[in-house]
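See below for the structure under consideration.
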Amino acid sequence: MPFVPTFGAKLHELVSSGHDCIGWSEDGTHVWVTNPERLARDVIPRFFGHCSYPSLSRSLHAHSFTISPGSNNTWHHMSFRRDAPALAKTIMRKRPKPNERRRPEAPQDPHVSRAPNAESALARLCEELREEEQAGETLMLTLERLQASLSSAHAQEAMLVRVRLLLELLVEA
């Protein structure tokens, strides 16, 4: 099965492509946009199936990116870093919370009656659906915790590499 790039992978490639209207912050943890119009016209269509900065902005929000305080065009996500393109592939679209999901309402027609067996089967199905939703939410929370742990592990690994380099420099001196 061929690899289908995720939103995070495509975005990482776009930001790393060297265009002057979008790029990485100095520390590689934020993405800045200097010219949304030019980005939409010249760059976005090469990576996504549209040419709209507002659409890209909605997608960023939908994938848990946040706007940096005091800036309309600087974005951040804990799993989106210049030095970790593989981590960008783990970024998932947010799922609506259970109370935000719309559920179809049962017909209110008083002339429509249901057989008792059909009602109990429907009740069982509704209960199974609720259990599946709860299991899915539990999995999403676990995934978020694992992503946070992975991010922390990457930071610790980077720190260990720096310490090793410093120790090697000290030993050489």
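The values are calculated or read from the model by the stated rules, or taken from the named source; none is laboratory data. Just so we're clear, the structure is a prediction, and the values are computed from it rather than from any experiment. Quick note on the areas: whole protein, heavy atoms, side chains included, nothing else; ligands and nucleic acids left out. Shrake-Rupley method; radii C 1.70, N 1.55, O 1.52, S 1.80 Å.
Using the C-alpha gyration tensor of the chain, what are the square roots of 5 times its eigenvalues, in whole angstrom, with the largest one first?
Details: eigenvalues 381, 121, 35 Å².
Equivalent-ellipsoid dimensions as semi-axes: 44, 25, 13 Å.
Gaussian network model of the chain, Cα springs within a sub-10 Å range: biggest mean-square fluctuation belongs to which of 125, 146, 39?
Comparing 125, 146, 39 in the GNM, the peak value goes to 125.
Counting only heavy atoms of the protein chains, get the accessible area per residue of the chain (1.4 Å probe) and round it to a whole Å² value.
On the way: 12410 Å² over 173 residues.
With the other protein chains kept in place, the chain gives 72 Å² per residue.
Determine the calculated [θ] at 222 nm for the chain from helices alone, applying -39500 (n - 2.57) to every DSSP H run no shorter than 4 residues and normalising by the residue count; nearest 500 deg cm²/dmol.
Values: 5 runs with 84 residues, N = 173.
Dividing the helical sum by the residues of the chain leaves -16000 deg cm²/dmol.
Of all accessible surface on the chain at a 1.4 Å probe, what whole percent is carbon and sulfur? Mind showing how you got there, number by number?
On the way: 7240 of 12410 Å².
In the chain, the share of accessible area belonging to carbon and sulfur is 58 percent.
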